[in-house]
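Here's the structure, in structure tokens; my notes come after.
What follows draws every value from the coordinates through simple rules; no lab data is involved. Here the structure is a predicted model, which means the values were calculated and not measured. For neighbour counting, all protein chains shown are included, and Cβ atoms are generated from backbone atoms with ideal geometry for every residue, glycine included.
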Ligand code: B12
């Protein structure tokens, strides 16, 4: 009988070794498909599955049986209609075919920068959220109240359902152990770009009011920091950031307005033992020297770029991932796909600190050829075997190397701190107050999630 | 002419606030509106080339476009009725299922500054809507379709084929990050350009 627990421990160790700057037994494979290609592969109706994640269990199981990966290859993470529908979301709307569409919404006008800078969290709640969510409307307080509660309950419900499926599959097939030690957020500048000003808006702001933009990055800093902080901090906790705007900017602007608050954020988290993981969208070749400065063993997932140069410049300090072009899986023969996987391993695997992944997450089944994907991940498993496992390589991540940074607190009438609550409720015990504080944090996380 | 040089600089550096006054001064000093417009078009060409070459990025391109639009506002009343210089009308839109419009807007700007009149159908445009727009507008010589998602590449194909089926003579240009010259040819488009700078050039080439 196969010992699933043993397989799971081995797989988990592959990733842990990489994070500990140790050569693993073989290159870990990290592939996952979202619900769209999964539903298509299993032939189930996507719109129906969006409402009922339970339907996806068999579909996800089918993916697990088909594609080799060391981490779970099916992510039921979704933009659940149970959340977005009652809140009348404008920026996430389900199309007739079941795809969640993402239209751009300008959450904040240019002349509202001053308010954002003065009271960031108030601005998000009063100005930005009502523009993104039409059911949040100060003219309709009672409906607002109920819609908000429905959204919260709906989200928790679908989250639990998705997590339940994942946990089952992880246990059934012995995938890399998952926990609550991962967080996700955006760089301060990107947060302002995506949720508040839009791509065009922010592009104009860089030229029109760069100082305000700079102040705004500082203002939202404590909010994005809290957003990213994982629920559990252990040896392998990390925060993941998709990095959006840099490649659309001049280096001068990037260096001045985008990078400083992000670097500070990563070092700040690092000082608490939380690692950084970034997805460098687009082509980051002109920014490699900046990435070098991120905390050791940052996981850098690249979309485009030259693997050789990336490995040379960053491979000693950081963990490299991504780069394998999904377009190859669609357009090339199986043999060509396999050869390219070997080529990437030859370049990126030596010296460890490499996790195999694609350059982007497939949106739909038609983005790739399943047979080629399977052939590629199996090749990595069999070909990416190290002769020197256990050897220590490159720099090691140590939280002592980083310093906590000072920043504003979340000072808002919409967020109560532990101390404020204590003052107001002198009779409540410490444990009770802690519990209430956890609820406050959950609510904060929900609000933050509305803007992700 | 000094004023014209100044207008050019203001477009290239994207000084939208200042440009209207300077355009007005140039007109007052007796510069023909057409000449000022040509100067601005030249500047957008320079901006487009720099963008293609990776010397400037989206923010610079956007403010240049904005600045040009501000300048044109002053020229419009002076030039209205004078259509002699137009290369014809171009219909542009992002294909069905696709909501990306930043690239398309920059392309619009460059095609417009290349000398076309522009009708922008916006985003998520069904194939038939392109055909209808050709029929509803005068002197349409070119249709431009944008698609940014691999998932909307079939919609791009459908748009081109619907246009070609209804209007076999109509020139169609396509673009967007996942589009390649080969794909453009395969789906029957007449032209392709990788970025806004070259889109203006290609558009002109197609109708000449
Ligand atoms: C900004 C952006 C958005 C904004 C769009 C805002 C807007 N008003 O347009 C928002 C947030 C709304 C958005 C939404 C989504 N996006 Co988006 N988005 C981008 C991003 C970051 C930039 C696109 C852009 O504006 N580029 C700048 C312009 C100037 O460049 P461009 O568009 O390529 O245009 C140039 C050329 O292509 C060409 N061109 C363009 N059109 C035409 C037309 C003609 C005729 C010609 C000749 C030339 C031409 O000239 C332009 C100027 O030089 C890209 C990433 C990227 N690297 O491109 C992702 C990207 C395109 N998005 C992506 C995705 C997945 C999505 C979503 C599906 C996300 C989601 N899960 O909901 C949704 C889809 C919504 C929908 N149905 O369309 C993916 C697509 C992946 C794929 N498989 O195709 C990308 C590549 C990001 C990524 N790396 O994963 N997105």
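Assuming 0.36 nm per residue, please report the length gained on full extension of the stretch residue A:387 to residue A:431 beyond their Cα-Cα distance.
10.7 nm
In a Debye calculation with equal point scatterers on the alpha-carbon sites of chain B and no solvent, what is log10 I(q)/I(0) at q = 0.18 Å⁻¹? Computed log10 I(q)/I(0) values: -1.18. Look at where the Cα atoms of region A:267-337 and of region A:377-408 average out, and the two centres are 13 Å apart. Principal-axis analysis of the Cα atoms of chain B puts helix B:102-113 at an angle of about 60° to the longest axis. Going from the residue with the fewest nearby Cβ atoms within 10 Å to the one with the most, A:327, B:146 rank A:327, B:146.
The label-point distance for residue A:153 and residue B:78, in a model that sets each label 7 Å from Cα toward Cβ, rounds to 6.6 nm. Rounded to the nearest 10 degrees, the angle from helix A:259-270 to the longest Cα principal axis of chain A is 80 degrees. Only helices enter this figure: runs of n ≥ 4 DSSP H residues, each worth -39500 (n - 2.57), summed and divided by the residues of chain A, yield -14000 deg cm²/dmol at 222 nm to the nearest 500. When only Cα pairs below 8 angstrom with a gap of at least 6 residues are kept, chain A shows a relative contact order of 21 percent. The mean count of C-beta atoms from other chains within 10 Å of the C-beta of residues in A:245-254, rounded to a whole number, is 3.
In a GNM of chain B with a 10 Å cut-off on Cα contacts, which of B:72, B:125, B:58 has the highest mean-square fluctuation? Highest fluctuation among the options: B:58. Placing a label point 7 Å from the Cα of residue A:327 along the Cα-to-Cβ direction, the residues of region A:363-396 with a backbone N closer than 16 Å are A:363, A:367-369. Here the peptides B:28-39, B:151-162 are ranked by packing, the mean other Cβ count within 10 Å, and the order with the highest first is B:151-162, B:28-39. Where the centroid of each part is defined by its Cα atoms, how far is region A:357-371 from region A:1-61 in Å? Taking the Cα centre of region A:1-61 as reference, the centre of region A:357-371 is 15 Å away.
Within the protein assembly as shown, antiparallel bridges make up roughly 10 percent of the DSSP beta bridges whose residues both belong there.
Among A:45, B:182, A:16, A:190, the ranking by other beta carbons within 10 Å of each residue's beta carbon, starting with the fewest, stands as B:182, A:45, A:16, A:190.
Summary of packing: across the peptides A:93-102, A:203-212, the per-residue average of other C-beta atoms within 10 Å ranks them, highest first, as A:203-212, A:93-102.
Taken residue by residue and averaged, Cβ atoms of other chains lying within 10 Å of the Cβ of A:194-204 number 3. Relative to the longest principal axis of the Cα atoms of chain A, the long axis of helix A:141-173 lies at roughly 20 degrees. With label points built 7 Å along Cα→Cβ from the Cα atoms of residue A:52 and residue A:160, find their separation and express it in nm. Taking the two extended label points, one gets 1.9 nm. For the pair region B:120-180 and region B:37-76, the centres of their Cα atoms are 25 angstrom apart. Projecting label points 7 angstrom from Cα along Cα→Cβ for residue A:232 and residue A:25 puts them 2.3 nm apart.
For the peptide B:49-61, the mean number of other protein chain Cβ atoms found within 10 angstrom of a residue's Cβ is 4.
Sorting B:183-190, A:70-77 by their mean Cβ neighbour count within 10 Å, with the most densely packed peptide first, gives A:70-77, B:183-190. By other beta-carbon atoms within 10 Å, ranking A:51, A:284, A:258 with the fewest at the front produces A:51, A:284, A:258.
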